[in-house]
Structures are given as structure tokens and as C-alpha cells.
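Please read the structure below before turning to the comments.
All of the numbers you see were taken from the coordinates with simple rules; none came from a lab. Being a predicted model, the structure only gives us computed values, none of them experimental. All Cβ positions, glycine included, derive from the backbone under ideal geometry; neighbour counts span all protein chains shown.
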Amino acid sequence: MIRPEEITNWDIVRDALKVRIKNQSSVQKHVSGITEQIEDLTVEYVIDMSGDMTQTAVFQENILPTWGVTREEVISIAKQNVLQEPMLFMPLTQMLFGVENKSEDPCPYVVTIGSGSCYGARPIILPENQEIISKELGGDFYILPSSVHEVLVLPADRSVEVNDLRKMVVTINYTEVSSEDWLSDNVYLYDSKAKEIKIASGQKKQNKNISWLQSLKDKEDPEEQEEKDMFCR
């Protein structure tokens with residue numbers, strides 16, 4: 001726990017520098033500090049005041065001389081701090097039901113912080129984690145923004161229409177995700193050759209039943225329809 005009066009102490013703040021991902025429309029420009037942009041997503045560099053990202057502090061660049069560091073050093077250290085956090089990368093069916101996916105169409109994977117920390121979607125922005133996911137999924141992959149706390153990833157070589165994925169994301173966002181936790185209605189593509197994340201195009205592909213989604217619906221107990229609080233809300 002960092003006290004407000006300790007924010008000017010670089011030795012204390014250094015290990016508490018983190019990143020969080022929000023939609024650019026959710027970021028208040030007049031109070032934003034150091035940020036980077038990935039399409040419509042804003043990566044904010046913040047101080048984790050509580051140790052679990054439930055309380056964060058946005059800082060302005062005018063504090064950097066007090067700390068004795070540059071903007072680039074802050075960004076690098078914050079990303080290294082996130083890299084040291086355990087990334088949870090697990091099939092969705094295993095996360096929800098404790099069972100392996102046995103269909104021919106692979107289940108998407110959940111990507112979040114293993115400790116259950118708030119703003120757990122942050123591992124997806126790190127190149128090192130993108131490489132791990134790309135290797136596991138066989139190259140390019142889609143990113144489905146579940147919330148600011150987690151994302152889903154799915155191989156991009158599957159015969160699924162991007163528009164179908166986006167419709168699913170939008171439906172879940174408007175029925176299951178609070179406005180505070182909303183990340184985006186877009187589906188993203190990680191290009192393993194360019195090593196970058198971009199909004200996926202709506203190019204038509206051969207339509208195919210998304211069996212992993214149907215399997216989730218089939219396994220859901222009809223008497224347990226309330227939202228699962230898997231991560232920090």
C-alpha cells in the first residue's frame with residue numbers, strides 16, 4: 001500500500017508502476033498522464049497504490065524530474081513490472097468448468113493476471129506475452145475484449161467470420177459487462193509477422209458453427225444465470 005505523500009519517492013513508486021487498458025472514450029483527457037494508443041485502446045501508465053490495482057493514481061509527466069527518470073524509462077519499468085506478474089493463459093472451458101475442450105474447433109483461451117488483480121487484461125499488450133500466445137495458437141490470433149479485466153484469444157486461421165465474433169462481443173458487452181468494465185466492441189487481430197495488434201477486418205470467411213460457444217451454453221446450468229465473478233469487478 002502506497003500512501004499519497006509517498007508518490008514523489010521514486011524508490012517506493014518504481015515497483016508499483018503498472019499499466020491498465022481502457023477504451024479511449026473512457027479516458028478523461030484532462031487528467032490523463034502518460035499513455036500510448038493501440039487502435040481505440042488506451043494504455044495508461046499508473047501507480048498501483050493498493051497492490052491489486054483496485055486503487056491507482058494517474059501521474060503527470062511534470063513529476064518525472066522529481067523522480068529523476070524519463071518518460072521512456074517509466075514506460076519500460078512499468079512493462080517490466082507487468083511482465084513479472086503471473087499471466088493466466090488457459091482454455092475457457094477449463095477455466096469455467098474444469099474440463100478440456102474435446103471438439104474439433106478449439107476453445108478460446110482466457111488471458112488475464114493470475115492473481116485476479118483488477119485491470120487484468122494488461123498482459124496482452126506485452127510483446128513477450130504476445131509471442132507466447134502466438135506460439136501456442138500457431139501464429140496470428142484474434143483478441144476478443146471480454147472486459148478491462150480479461151480478454152479471450154482465438155486462432156485467426158479458423159473458419160469463423162470476424163463479423164460473427166464482433167456480434168458476440170457486442171452482445172456480451174451489452175448484456176453482461178458493466179459500463180465501468182467495458183473495454184471495446186471491436187475484435188482485434190495480432191499479426192505475428194508484423195508483431196502488432198490491429199482491429200480485425202470484416203473479410204468474409206467460410207462460415208462454421210462456433211462449437212466452443214455452443215458447448216458453453218450447453219454446459220451452463222439454467223438455474224445459474226447470474227454472471228460469474230471470476231475476476232476483479
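Going by how many other Cβ atoms sit within 10 Å of their own, how do Y142, Y174 line up, fewest first? Don't jump to the answer; show the numbers that get you there.
On the way: Y142 23, Y174 10.
The most exposed by this proxy come first: Y174, Y142.
Are any of the pairs K167/K198; K79/K167; K135/K198; K18/K198; K22/K198 more than 20 Å apart by Cα-Cα distance, and if so, which?
Numbers: K167/K198 18 Å; K79/K167 32 Å; K135/K198 18 Å; K18/K198 23 Å; K22/K198 15 Å.
Exceeds cut-off: K79/K167; K18/K198.
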